[in-house]
Structure formats: structure tokens, C-alpha cells
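The values are calculated or read from the model by the stated rules, or taken from the named source; none is laboratory data. Please read these numbers as outputs of a predicted model, since none were measured by experiment. Here Cβ is always computed from backbone atoms with ideal geometry, including for glycine, and neighbour counts include all displayed protein chains.
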Amino acid sequence: MKSVAGIFLATFRLVVITLSMLITVVLGIILKFFKLLDQEKAFVIRTWWCKFALHVLGIKIIHNEFPAVNSASLFVSNHRSLIDPVILFSFIRNGYAVSKAEVRNYPVINKGAELSGVVYVDRTDKDSRSATRKAIAQSLTFGHSVVLFPEGTISIQRQILPFRKGGFEACAESNCQVVPIAMEYMNPRRDFWFNEHLLVQFYVTFSKWKTEVRLHFFDPFKCNNAKENCENTSRMIQAKLDDIQKFWLTKNIPIELTQIENPGKLN
């Protein structure tokens with residue numbers, strides 16, 4: 001796709017996504033004001049918007065069957081892009097998001113997150129991490145699933161970052177199950193978030209017609225040993241990513257993947 005056409009496409013997508021998000025958030029605020037918005041309705045609205053956003057952004061998802069989940073679960077995934085939550089919540093209808101505290105400062109996005117259910121964590125504050133662990137346990141106990149990226153930040157290498165075990169501890173305390181998810185983008189040159197500026201990266205990723213993502217849902221398992229389950233989940237996800245990366249086209253693999261010794265970046 002020519003660069004001018006790509007810029008036009010990305011701009012169109014940005015405008016549509018922004019307007020649709022604004023409309024959805026305003027609708028949520030109005031419904032909440034009149035006490036017509038409970039948590040279940042908020043989840044339904046979020047799922048609808050996520051599916052709409054994926055269609056607008058041209059994201060094609062190839063995935064295996066979504067597991068039968070009949071109880072509150074901790075959904076655990078590796079983290080590649082700021083669009084990851086939108087992808088996951090198009091599948092996971094009943095669940096809270098765990099998000100970095102900085103999202104509170106993102107206009108519109110922060111309101112949408114608060115309306116649909118979010119647990120904030122300050123990665124530099126021990127007390128905040130402890131409070132987050134308790135909030136996750138409470139959500140699971142009350143019957144709401146939680147979506148967690150235990151790397152704590154975006155990884156831009158082939159290898160994922162070490163998983164933090166706090167969420168697994170909360171899951172074990174709540175006697176709930178873990179559902180691991182491996183997520184990989186098929187054009188790392190354009191889709192991995194190498195650029196620190198969100199808007200620039202948006203244009204890099206979404207100025208192409210299609211963004212292909214592969215998801216693999218693992219079978220749920222009971223969390224009874226936080227440290228061991230955390231390590232095993234990390235290994236399972238990495239093994240699946242290794243398999244998926246074999247299908248990367250050479251032209252889509254950036255030199256940065258082999259040059260960066262310290263994988264990952266703060267988002």
C-alpha cells in the first residue's frame with residue numbers, strides 16, 4: 001500500500017475509533033447517571049466496542065477454540081501491543097482488566113476503563129501492588145474473571161519478559177483457575193511497539209490494510225502453587241510463541257529483534 005494511501009487509511013481509522021469511543025463512553029456515563037448501567041451491561045457494551053474496533057482497524061485473528069470457562073478465571077497473556085486488551089476483551093466478556101496506573105491520565109480511555117471494570121496498579125509502589133493483588137482476589141471471589149499481563153509491560157523481543165507471580169498468588173488464594181493465552185503478531189516490523197510515541201506507532205501499525213494476530217488459548221488449570229504455576233505458564237506461552245514465530249516472513253522481521261539485549265520496554 002502506498003504511503004499516502006496508508007496515512008489516509010490510518011487517519012480514517014483513528015477518527016472512527018476515537019469518535020466511537022467517545023460515543024460509547026458518553027452513553028455509558030448517561031446510563032450510569034440514570035442507574036441503568038450495571039456491571040454486566042458494561043461488559044456487553046465493552047465487548048461490542050472491542051469487536052467493532054477490531055473490524056475498523058483491520059485486525060484478523062486466527063485462533064483455536066475458546067475454552068469452556070464456567071467460573072471466574074485469571075486469563076494470563078503475554079503483552080505485545082497497547083491493542084492487546086481490545087483483542088482479548090473481544091473474546092472475554094465477563095472480566096476486569098489490570099492496567100498500569102498511568103492509564104488514569106489517558107483522556108476518554110480512562111473513563112471507558114473505569115466504566116467497564118479496571119484494577120489499576122502502580123508498578124513502582126509495593127503497597128499498590130499488594131492492593132492490586134487483593135483486588136484481583138476479591139474480583140475472582142465475587143465471580144468476575146480478570147485479564148492480566150504478568151510481564152508488567154510490553155515485550156518487543158522474541159522472548160517474553162519474566163512473569164510476576166502476584167496475580168497467581170491472588171488466584172491461588174481465591175481457589176480459581178488460570179487460562180493461559182499466547183498472542184503473537186505476524187508482522188513484528190510494523191506491529192511491535194518499538195516507537196515510544198503512541199500516535200506514531202498507531203500510524204506505523206494501522207497504515208497497512210491488515211494486521212494478523214494469532215491467539216492460542218490453553219486449557220484452564222487450577223492454581224494451587226503460585227510460583228510453580230507462574231513459571232509453568234510462562235514456559236507454555238513461550239513455547240507456543242516459538243512455534244508461531246516460525247511462520248514469520250523474513251521481510252517482516254526487524255533487525256531490532258536481534259540487536260536488543262535487554263528485551264521489553266516500558267509502555
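Quick rundown of the values:
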{"item": "Count of region 138-154 residues which are over 12 Å from the mean Cα position of the chain (by Cα) and either surrounded by 21 or more Cβ atoms within 10 Å (Cβ to Cβ) or in contact (Cβ under 8 Å) with a residue 60 or more places away in the chain (or both)", "result": "7"}
{"item": "Residue list for region 59-104, restricted to those being part of a loop (DSSP other than H, G, I, E, B) and among the hydroxyl-bearing types (S, T, Y)", "result": "S71, S81, S90"}
{"item": "Condition check for F43: surrounded by 15 or more Cβ atoms within 10 Å (Cβ to Cβ), in contact with a Phe, Trp or Tyr (Cβ under 9 Å, 6 or more places away or on another chain) and within 27 Å of A182 (Cα to Cα)", "result": "yes"}
{"item": "Where K210 falls short, out of the listed (1) farther than 15 Å from S77 by Cα; (2) touching a residue at least 24 places away in the same chain (Cβ under 8 Å); (3) in contact with a His (Cβ under 9 Å, 6 or more places away or on another chain)", "result": "(3)"}
{"item": "Selection within region 61-107 - basic (K, R) and more than 20 Å from F218 (Cα to Cα)", "result": "K100, R104"}
{"item": "Search result, residues across region 234-254 that are closer than 15 Å to S155 by Cβ, out of contact with any His (no Cβ under 6 Å at 6 or more places or on another chain) and buried (at least 17 other Cβ atoms within 10 Å of the Cβ)", "result": "S234, I237, L241, I244"}
{"item": "Evaluation of G28 against (1) modelled with pLDDT of 90 or more; (2) under 26 Å from L14 (Cβ atoms); (3) within 17 Å of the chain's Cα centre (by Cα) (one fails), failing number", "result": "(3)"}
{"item": "Near pairs, Cβ below 9 angstrom, 6+ apart or cross-chain, from region 39-53 (over 22 Å from S139 (Cα atoms)) to any residue that is aromatic (F, W, Y) and surrounded by 21 or more Cβ atoms within 10 Å (Cβ to Cβ)", "result": "W49/F89"}
{"item": "Any pair with Cβ under 6 angstrom, 6 or more apart, that starts in region 10-36 at a residue that is closer than 19 Å to Y106 by Cβ and ends at one that is of a type in the set (D, E, K, R)", "result": "V25/K111"}
{"item": "Residue among G152, G167 that alone is of a type in the set (G, A, S) and closer than 30 Å to T250 by Cα", "result": "G152"}
{"item": "Spans of helices (runs of 4 or more DSSP H) in region 112-227 with at least 2 residues closer than 25 Å to G6 by Cβ and in contact with a helix residue (DSSP H, G or I) (Cβ under 6 Å, 6 or more places away or on another chain)", "result": "188-191, 198-206"}
{"item": "Qualifying residue in region 155-162 (condition: over 21 Å from K100 (Cα atoms), more than 18 Å from the chain's Cα centre (by Cα) and surrounded by fewer than 19 Cβ atoms within 10 Å (Cβ to Cβ))", "result": "no"}
